[in-house]
Amino acid sequence: MQTIVSLNNISKAFGKSQVLKDLSFEVQKGQSIALLGPNGAGKSTALSIILGLRQASSGTVSLFSETPGSAKAMKHVGVTAQNIDFSPLITPSELLNFAISHYDKPHKKNYLIETFGLRDIANRRMQGFSGGERRRVAIALCFAGNPALVVLDEPTSGLDAKGQSEFQTIIKDYIKSGGSVILTSHYWQEIESISDHIIMIDKGKTILSGGIREIKTTVNVNKISFSCTNPNQFTKKYFLYNKGEYTTTTSDSDSLIIQLISSGQKFTNLKITPRTLEEAINIYRKKQE
């Protein structure tokens with residue numbers, strides 16, 4: 001596979017503050033990486049080093065086998081930043097014309113307008129645009145150059161549920177076509193929908209790295225819940241009462257439900273719910289400690 005991004009033992013210090021410590025990971029062609037961690041973990045610094053906006057204190061980094069920030073590397077990259085600002089007097093159409101003029105093989109402007117839902121606002125001055133409208137313009141600009149890698153820093157912040165769903169469809173199609181993604185997001189559903197691998201950092205160090213399928217398979221725990229008015233001894237022993245429901249978690253939900261029925265327990269509203277990605281990650285981390 002083609003390596004798009006390679007970080008090898010990257011460290012970064014600002015004065016006496018050590019922001020990154022021996023951070024290493026790679027992004028392959030067609031791979032989507034979610035870079036996660038609490039505020040101040042070092043995510044933004046790592047992204048800025050990948051894009052050549054900052055220099056690492058030590059370690060090596062390459063982007064398309066080139067120096068990050070170089071013209072050869074950046075012509076293959078699209079970026080949408082967490083914080084965006086546009087002149088209030090410019091239109092999305094004018095911005096897209098300016099952006100695509102800088103690339104050898106850009107997307108056509110009409111494709112970008114239609115794909116990212118800009119038809120009704122393409123020729124309006126951006127003064128008074130909502131946060132969601134500005135975010136749509138930023139994402140369209142990210143894809144203007146027909147990039148092989150997109151770096152998406154909280155890309156759907158400000159978008160409504162419909163916009164988030166449309167964005168996920170676009171990104172999944174992009175990945176299927178061979179595009180690579182580095183994503184930061186606070187939306188777990190978005191992370192699970194788009195990404196195939198998670199790298200979680202805290203205090204500049206990698207604390208978890210693994211495929212989403214691997215993490216969820218390793219955890220393999222379901223939540224079972226039901227309602228009843230007269231719990232028997234089996235229910236009292238294996239289930240906890242919480243907010244009108246009896247609940248438990250198990251790695252063998254089929255067997256437990258058979259035992260529940262065999263115990264003679266009468267119940268309603270039985271639910272079997274897989275653990276969310278966030279819950280699975282927390283369990284997975286504890287198993288690794």
**Message:** For the range 139-158, give me the residue count where each residue is outside any strand (DSSP E or B) and surrounded by 20 or more Cβ atoms within 10 Å (Cβ to Cβ).
**Reply:** 10
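Specify which of the listed residues (207, 198, 281) is at pLDDT below 90, under 33 Å from the mean Cα position of the chain (by Cα), among the β-branched types (Val, Ile, Thr) and not in a helix (DSSP H, G or I).
Numbers: 198 fails: at pLDDT below 90; 281 fails: not in a helix (DSSP H, G or I).
It is 207.
To keep it simple, each residue is scored yes or no on (1) in contact (Cβ under 8 Å) with a residue 60 or more places away in the chain; (2) among the hydrophobic types (A, V, I, L, M, F, W, C).
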{"site": "46", "(1), (2)": "yes, yes"}
{"site": "69", "(1), (2)": "no, no"}
{"site": "74", "(1), (2)": "no, yes"}
{"site": "84", "(1), (2)": "no, yes"}
{"site": "99", "(1), (2)": "no, yes"}
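Might you let me know whether the range 238-259 holds any residue that is on the phi > 0 side of the Ramachandran plot and either of a type in the set (Gly, Ala, Ser) or surrounded by fewer than 19 Cβ atoms within 10 Å (Cβ to Cβ) (or both)? Walk me through it before giving the result.
Taking the range 238-259 first, the residues on the phi > 0 side of the Ramachandran plot are 243-244.
Within this subset, residues satisfying the condition of being either of a type in the set (Gly, Ala, Ser) or surrounded by fewer than 19 Cβ atoms within 10 Å (Cβ to Cβ) (or both) are 243-244.
Checked against the condition, which is being on the phi > 0 side of the Ramachandran plot and either of a type in the set (Gly, Ala, Ser) or surrounded by fewer than 19 Cβ atoms within 10 Å (Cβ to Cβ) (or both), the range 238-259 yields at least one hit.
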**Single condition residue 174 does not satisfy, out of (1) open to solvent by 10 Å² or more (accessible area, probe 1.4 Å); (2) closer than 24 Å to residue 274 by Cβ; (3) assigned to a helix (DSSP H, G or I); (4) touching a residue at least 24 places away in the same chain (Cβ under 8 Å)** = (2)
**Request:** Among residues belonging to the range 14-27 that are touching a residue at least 24 places away in the same chain (Cβ under 8 Å) and open to solvent by 30 Å² or more (accessible area, probe 1.4 Å), point out the one that is farthest from residue 57 (Cα to Cα).
**Result:** 24
**Message:** Against the conditions (1) touching a residue at least 12 places away in the same chain (Cβ under 8 Å); (2) among the aliphatic types (A, V, I, L, M); (3) surrounded by fewer than 18 Cβ atoms within 10 Å (Cβ to Cβ); (4) within 16 Å of residue 145 (Cβ to Cβ), where does residue 95 fall short? Just the number, please.
**Reply:** (3)
**Complete:** residue 47: passes all of (1) farther than 23 Å from residue 178 by Cβ; (2) open to solvent by less than 20 Å² (accessible area, probe 1.4 Å) but (1)
**Request:** For the range 206-222, enumerate the residues that are of a type in the set (Val, Ile, Thr) and without any contact (Cβ under 8 Å) to a residue 60 or more places away in the chain.
**Result:** 217
**Fill in**
With criteria (1) under 30 Å from residue 211 (Cβ atoms); (2) at pLDDT 95 or above, residue 44 comes up short on (2)
**Asked** Of all residues in the range 56-67 being β-branched (Val, Ile, Thr) and touching a residue at least 40 places away in the same chain (Cβ under 8 Å), which is nearest to residue 96 (Cα to Cα)?
**Response** 61
**Prompt:** Does residue 192 satisfy the condition of being in a helix (DSSP H, G or I) and under 8 Å from the mean Cα position of the chain (by Cα)?
**Reply:** yes
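Going by what's in this entry, would residue 34 be described as open to solvent by 30 Å² or more (accessible area, probe 1.4 Å) and touching a helix residue (DSSP H, G or I) at 6+ places or on another chain (Cβ under 6 Å)?
Values: open to solvent by 30 Å² or more (accessible area, probe 1.4 Å): no; touching a helix residue (DSSP H, G or I) at 6+ places or on another chain (Cβ under 6 Å): yes.
Taking the combined requirement at face value, the residue does not satisfy it.
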**Prompt:** Name the pairs: first residue in the range 254-275 and more than 19 Å from residue 230 (Cα to Cα), second residue in a helix (DSSP H, G or I) and among the basic types (Lys, Arg), Cβ to Cβ under 8 Å, at least 6 apart or on different chains?
**Reply:** 274/216; 275/216
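The values are calculated or read from the model by the stated rules, or taken from the named source; none is laboratory data. Just so we're clear, the structure is a prediction, and the values are computed from it rather than from any experiment. Glycine gets a Cβ as well: all are built from the backbone with ideal geometry, and neighbour counts include every protein chain shown. We work out accessible area using only protein heavy atoms, side chains counted, and drop any ligands, DNA or RNA first. Shrake-Rupley method; radii C 1.70, N 1.55, O 1.52, S 1.80 Å.
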